[in-house]
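Below you'll find the structure, written out as structure tokens, and then a few comments.
Where a number appears in this text, it was derived from the coordinates with a stated rule and is not lab data. Keep in mind the model is a prediction, meaning the values are calculated, not measured. Heads up, the Cβs are rebuilt from the backbone with ideal geometry, glycines too, and the neighbour counts pull from every protein chain shown.
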Amino acid sequence: MSTEIVQLVDQATPYLTAALGAYGGAVLTRAEDAAVDATANLGRRLLQLVWSRRNEDGQAALDRAVQDAAEDAEDADATTALLYQLKRALRDDEDLRCELAALMPESSGTVTITASGNRAIAAHSIGTAVTGDHTRIGE
């Protein structure tokens, strides 16, 4: 399996799991939902794209893997089976790899955030953060 495919699947995994959490087993047939966050909607689009490019047997296998992963989000084996179906589809279809890569957001590189000490806060981006006793916001 090429490094490109492994990296693409690793990058897609959070979107796929968010889609399964938001849409469940219906992720392959549901339309985009404005009430669902962008991460889950991207995962739904990724899965639907892969499904649409598979033959009948490939579609059935992907559908089974999605159903299993949606039924038990804590089952690592079910998630692994779904990711295997994705890797298999990408291995077999170079055009699909390009399309999937184009859908993925640009990576800004690695971000390391560290908080240390009493009442420390660590965040990649943050609106309001407060530590301390008797703090009041919005006075």
Between E94 and L49, what length in nm is gained on full extension when 0.36 nm per residue of separation is reduced by their alpha carbon distance?
14.9 nm
In nm², what is the average projected area of the convex hull enclosing the Cα atoms of region 3-103?
5.7
Once phi for every residue in region 77-86 is put through the Karplus expression 6.51 cos²θ - 1.76 cosθ + 1.60 (θ = phi - 60°), the whole-Hz ³J(HN,Hα) values, with Gly and Pro written as x, are 5, 5, 5, 4, 5, 5, 5, 5, 4, 5
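Among I137, I121, which comes first, second and so on when ranked by fewest other beta-carbon atoms within 10 Å?
Least to most surrounded, the residues fall as I137, I121.
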R30 versus T80, label points 7 Å from Cα toward the beta carbon: distance in nm?
2.7
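Between Q11 and D57, 0.36 nm times their residue separation minus their Cα-Cα distance comes to what?
14.0 nm
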If L49, L100, L28 are placed from fewest to most neighbouring beta carbons inside 10 Å, the sequence is L49, L28, L100
Cβ-Cβ cut-off under 14 Å around L46, Lys and Arg +1, Asp and Glu -1: the net charge is +3
